[in-house]
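Asker: One structure follows; several queries about it will come next.
The values are calculated or read from the model by the stated rules, or taken from the named source; none is laboratory data. These numbers come from a predicted model, not from an experiment. We place every Cβ from the backbone using ideal geometry, glycine too, and count neighbours over all the protein chains shown.
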Amino acid sequence: MNNRRSELRRTLTGVGFLLPNILGFLAFTLVPLAMSFFIAFTDWDILRHNIFRRESLSFVGFENFTWLFTHPEFWHYMGNTFFLMLGLPFAIAGSLGAALLLTRVSRHPAALRGALVLATLVLIASGLVLLAGGMAEMGVWFIFGLLAAGMLVGGVLTGGTIYRTLFYLPHFTAGVATFVLWKKLYNPQTGPINFALTPVLEQFAAAVQVAAPVFAVGVPLTAGVLALLLAGWQVRRLVRQWDDAAAGSVAVALGAALLALPAGFLLHWLGMARPLATAGVIVVATALTIFIVRRPRPWGPVCARDAGVSAEIAIGLGLVPLLLLLAAGVALGAGLPAAAAGGIQPPNWLGDYAWAKPAIMIMALWAAIGSNNMILYLAGLSNIPPELYEAADMDGASSMQRFWHITWPQLAPVTFFIFVMGVIYGLQGGFEMARIMTLGGPAGSTTTLSYFIYIEGFETGRLGYASAAAWVLFALVFILSLLNFRFGNRNAND
Amino acid sequence: MTDPATQAPRSGPGLHTVMVVLSLLMVGPFVWMVLTSFKSFTEAADPAWMPGAFRWENYPEVFRVIPFLRFAANSLVIAGWVTLLQVLTSAMAAYSFARLEWPGRDRIFFLYLGTMMLPGLVMLIPTFQLMVRFGLVDTYLGLILPAAFSAFGTFLLRQFMLGIPKALDEAAEIDGAGKWQIFWNVILPLSRPGLITLAIFTFMGNYHSFFWPLVMMKTVDKFPLPVGLMLFDSERGQATHLLMAGVSMSVVPLIIIFIFMQRQLIRGIQIGAVKG
């Protein structure tokens, strides 16, 4: 009896401390969640159902969802959301690279004199430039020279802390302020980016015209050879993974499909009709899969069918964008001299259907390199046992081998965490950028799911569609997280 | 920072040059922002970086054209209240999850963790309808309340409080302290680094917040800074030079907070990711 009373007491105390939070949780998470689910199945429209006009709501079943899925715009916005997430591997690589560089910087009293000399030289040089060119023309170089000299001395004195601070700055200030700033930077007439690009592109156009045949043949040829080398490397890797029973048939098929995808885009860009190119992708992927999977395994099948899927996804995330870039080089290279004849114009960034997404991705990369991810990598790097590197040194490992066999596998849990969070945030992202920089345009090319939900929920007021779209987003986040944990954890534990 | 394990110390001039160039790339946009804030209206349409003459009067001009101080005060009040409430409610919940024993505790904690995965967007539309229903649209309360409770904060502080030795609670209990006294006098002071970290995160996040104030606030005088600054980019035309002056002024407090709080923040990021 006494025991039960003390248990009740403990529960009451425990819940008592929880109470304020629980009330908030109920009011602002659970109730809205339930309401949202309910709204998604109704025809709630702000114009017809509000305090002044109360037409009765009616349940429409799955009509909102079918409306979404039968509208090409919705698929377009979903595609945009995923396209913008292609920046994630670059951001992860950038954060890792920055963290690796930062750990190499050490406090070196002896280096201070050298740094001071170098800083003085930079200052003198920029001062001379200022004198020769005048404030209006060259003042900005003087300012950058000043900053560079200060950073150098600070970097040597603090053992790199100042670099870390500066790398983190864009992430820390990211928000409306930086979006507005980048909108101005991207302005094609008045922004500094195109101001800097114009002379560079003029030079480039002139060079192309001087050596037109070299470019017409050289660019596609180089891109093509590089692409083939990359593809060959991946095929060889897939074969080896299969032989070592590190990859199952699902992983091989996935790897083959990811490899064939850029080829399909190339065919399409070279003028092949979309269905035909798609068929090409399917044929190539299937043939490659069958070719690999039919190879006999000397030790019999010893791995699950879905083994190695996460590795293929990881490699595909890096490989596909690279191959797409190279494919673009092949497709556009031959036409380069003709295009250069009229002079090469810098892109109209946010105002151009094709360039708006890359422009946003570049900005996001700027903000993401020095973000929390870099901090996590720094912590991860300092947790790697030094003995591993000492052993590798004794075996005479090269720095590449040290990275791929020690650093990268040791950091796998961190990378996995960053990737999962990146996907979750990426799916929900893009609202503020779209609202401030592009209003979702041009022609919907920067409208993400979240911006679509905002438009439907707060501008057109069709709450039914907006809620249905929000639940589609929720389902996507849920499924991708499940997949990540299903396949990713295994990889992280290897 | 130095990690002899990763590489033998090799901070040669080459490495420092790379770091300086990267730092300049990160800082470059801010340099442009500050320089443009000193331009005249016509110069702001000119892509050259340098203003002809540094127009310091742009900054007082910002205060004349928009109620900048009012916006800043709104932002500080809203972010300040949210931070206070969120840190308090999160600390209480974290104390319950980390240091009190009661049946069903861990199951409820995992439910909490699960809600961190819910996309906030799912809740936004119904929450707004609730706000309309309760007449909280265009009020500070409507901005503060939904942000005052956080599963993330609870999680972060729980991780932190788990690291405090259990013997301290027991000693206080023997001295006759109640649970609330232990929480207030023992655990809270010991959790200070965690509380400060959460406070910075929360404050920053709400100082930046744009979406919710944008849909909730109708009266210009109640706008927080991020929404207020957009006035320069819309109805009042494109006053790029003033916009950049305003943006510079809104970013400066962040940079100052950051420089002084770096170490706390970095620790918090690492605690938060331990079990993600």
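Asker: Determine if region B:139-154 includes at least one residue that is free of Cβ contacts under 8 Å to residues at least 40 places away in the same chain and over 24 Å from the mean Cα position of the chain (by Cα).
Answerer: There is no residue in region B:139-154 that is free of Cβ contacts under 8 Å to residues at least 40 places away in the same chain and over 24 Å from the mean Cα position of the chain (by Cα).
Asker: Residues B:Met249, B:Met244, B:Met261, B:Met230: which one is within 13 Å of the chain's Cα centre (by Cα) and either in a helix (DSSP H, G or I) or more than 9 Å from every other protein chain (Cβ to nearest Cβ) (or both)?
Answerer: B:Met261 is the lone residue from the list that is within 13 Å of the chain's Cα centre (by Cα) and either in a helix (DSSP H, G or I) or more than 9 Å from every other protein chain (Cβ to nearest Cβ) (or both).
Asker: Determine which member of the set A:Ala245, A:Ala304, A:Ala338 is modelled with pLDDT under 85, at positive phi and surrounded by fewer than 18 Cβ atoms within 10 Å (Cβ to Cβ).
Answerer: Just a single option satisfies the conditions, and that option is A:Ala245.
Asker: Right, next: Could you tell me whether B:Met26 is within 24 Å of the chain's Cα centre (by Cα), closer than 23 Å to B:Ala245 by Cα, at the interface with another protein chain (Cβ under 7 Å from one of its Cβ atoms) and modelled with pLDDT of 90 or more?
Answerer: Against the criterion (within 24 Å of the chain's Cα centre (by Cα), closer than 23 Å to B:Ala245 by Cα, at the interface with another protein chain (Cβ under 7 Å from one of its Cβ atoms) and modelled with pLDDT of 90 or more), B:Met26 qualifies.
Asker: Next up: Tally the residues that are hydrophobic (A, V, I, L, M, F, W, C) and touching a residue at least 40 places away in the same chain (Cβ under 8 Å), restricting the search to region A:268-320.
Answerer: The total comes to 18.
Asker: Working carefully through the options A:Phe179, A:Phe172, A:Phe204, find the one that is farther than 30 Å from B:Gln264 by Cβ, assigned to a helix (DSSP H, G or I) and either more than 29 Å from the chain's Cα centre (by Cα) or hydrophobic (A, V, I, L, M, F, W, C) (or both).
Answerer: A:Phe204
Asker: Residue check: is B:Phe134 under 30 Å from A:Arg4 (Cβ atoms) and loosely packed, with under 14 Cβ neighbours inside 10 Å?
Answerer: Criteria not met by B:Phe134.
Asker: Could you please let me know if A:Ser382 is more than 22 Å from the chain's Cα centre (by Cα), over 28 Å from A:Ile39 (Cβ atoms), facing chain B (nearest Cβ under 8 Å) and touching a residue at least 40 places away in the same chain (Cβ under 8 Å)?
Answerer: It is true that A:Ser382 is more than 22 Å from the chain's Cα centre (by Cα), over 28 Å from A:Ile39 (Cβ atoms), facing chain B (nearest Cβ under 8 Å) and touching a residue at least 40 places away in the same chain (Cβ under 8 Å).
Asker: Of the numbered conditions (1) small (Gly, Ala, Ser); (2) part of a helix (DSSP H, G or I); (3) over 20 Å from A:Leu319 (Cβ atoms), A:Gly271 satisfies every one except a single condition; which is it?
Answerer: It fails just one condition, (2).
Asker: Right, another one. If a residue counts only when it is buried (at least 17 other Cβ atoms within 10 Å of the Cβ) and either without any contact (Cβ under 8 Å) to a residue 60 or more places away in the chain or within 8 Å of chain B (Cβ to nearest Cβ) (or both), which helices (runs of 4 or more DSSP H) contained entirely in region A:1-99 have at least 2 such residues?
Answerer: Passing ranges, in order: A:2-25, A:31-39.
Asker: Something else: Looking at (1) within 14 Å of chain B (Cβ to nearest Cβ); (2) among the aliphatic types (A, V, I, L, M); (3) crowded, with 19+ Cβ neighbours inside 10 Å, which is the only condition A:Ala356 fails?
Answerer: Result: A:Ala356 passes all but (1).
Asker: Still on this structure: Answer yes or no as to whether A:Val423 is in contact with a Leu (Cβ under 9 Å, 6 or more places away or on another chain) and within 10 Å of chain B (Cβ to nearest Cβ).
Answerer: So A:Val423 does not fit the description; no.
Asker: Hey, any hits in region B:56-63 for a residue that's within 14 Å of chain A (Cβ to nearest Cβ), in contact (Cβ under 8 Å) with a residue 40 or more places away in the chain and over 30 Å from A:Thr11 (Cβ atoms)?
Answerer: Looking for residues that are within 14 Å of chain A (Cβ to nearest Cβ), in contact (Cβ under 8 Å) with a residue 40 or more places away in the chain and over 30 Å from A:Thr11 (Cβ atoms), one finds at least one in region B:56-63, hence yes.
Asker: Has region A:406-413 got at least one residue that is touching a residue at least 12 places away in the same chain (Cβ under 8 Å), more than 13 Å from chain B (Cβ to nearest Cβ), of a type in the set (Gly, Ala, Ser) and crowded, with 21+ Cβ neighbours inside 10 Å?
Answerer: So far as region A:406-413 goes, no, none of its residues is touching a residue at least 12 places away in the same chain (Cβ under 8 Å), more than 13 Å from chain B (Cβ to nearest Cβ), of a type in the set (Gly, Ala, Ser) and crowded, with 21+ Cβ neighbours inside 10 Å.
Asker: Hey, A:Gly430 hits all of (1) of a type outside the set (Lys, Arg); (2) within 19 Å of the chain's Cα centre (by Cα); (3) at pLDDT 85 or above but one; which does it fall short on?
Answerer: Among (1) of a type outside the set (Lys, Arg); (2) within 19 Å of the chain's Cα centre (by Cα); (3) at pLDDT 85 or above, the lone unmet condition for A:Gly430 is (3).
Asker: Right, something else. Output yes when any residue across region A:387-397 is touching a residue at least 24 places away in the same chain (Cβ under 8 Å) and not basic (Lys, Arg), and no when none is.
Answerer: no
Asker: Looking only at region B:110-139, how many residues end up being farther than 30 Å from A:Gly461 by Cα and within 10 Å of chain A (Cβ to nearest Cβ)?
Answerer: 2
Asker: From the list B:Glu61, B:Glu57, B:Glu101, which one is under 29 Å from B:Ile269 (Cα atoms) and either modelled with pLDDT under 90 or aromatic (Phe, Trp, Tyr) (or both)?
Answerer: That would be B:Glu101, the only listed residue that is under 29 Å from B:Ile269 (Cα atoms) and either modelled with pLDDT under 90 or aromatic (Phe, Trp, Tyr) (or both).
Asker: I'd like to verify a number: residues in region A:144-179 that are under 24 Å from B:Gly246 (Cβ atoms), at pLDDT below 85 and touching a Leu at 6+ places or on another chain (Cβ under 8 Å), how many?
Answerer: Adding up the residues that qualify gives 4.
Asker: Only one of A:Thr415, A:Thr446 is in a loop (DSSP other than H, G, I, E, B) and within 20 Å of the chain's Cα centre (by Cα); which?
Answerer: The match here is A:Thr446.
Asker: OK, next. Somewhere in region A:461-469, is a residue closer than 30 Å to A:Arg104 by Cα, of a type outside the set (A, V, I, L, M, F, W, C), in contact with a helix residue (DSSP H, G or I) (Cβ under 6 Å, 6 or more places away or on another chain) and buried (at least 21 other Cβ atoms within 10 Å of the Cβ)?
Answerer: no
Asker: Consider A:Ser371 carefully, then state whether it is closer than 30 Å to A:Thr173 by Cβ and either surrounded by fewer than 17 Cβ atoms within 10 Å (Cβ to Cβ) or touching a His at 6+ places or on another chain (Cβ under 6 Å) (or both).
Answerer: Criteria met by A:Ser371.
Asker: Limited to region B:169-199, what total is found for residues that are more than 27 Å from the chain's Cα centre (by Cα) and free of Cβ contacts under 8 Å to residues at least 12 places away in the same chain?
Answerer: 10
Asker: It is to be established whether one or more residues within region B:153-175 are under 30 Å from A:Leu47 (Cα atoms), in a loop (DSSP other than H, G, I, E, B), in contact with a helix residue (DSSP H, G or I) (Cβ under 9 Å, 6 or more places away or on another chain) and away from every other protein chain (no Cβ under 12 Å).
Answerer: No, region B:153-175 has no match at all.
Asker: Conditions first: (1) more than 7 Å from chain B (Cβ to nearest Cβ); (2) closer than 27 Å to A:Pro321 by Cβ; (3) out of contact with any Pro (no Cβ under 7 Å at 6 or more places or on another chain); (4) crowded, with 20+ Cβ neighbours inside 10 Å. A:Ile162 passes all but one, so which condition is the exception?
Answerer: Only one criterion is unmet by A:Ile162, namely (2).
Asker: Can you find a residue in region B:79-98 that is without any contact (Cβ under 8 Å) to a residue 24 or more places away in the chain, facing another protein chain (nearest Cβ under 9 Å), surrounded by fewer than 22 Cβ atoms within 10 Å (Cβ to Cβ) and in contact with a helix residue (DSSP H, G or I) (Cβ under 9 Å, 6 or more places away or on another chain)?
Answerer: yes
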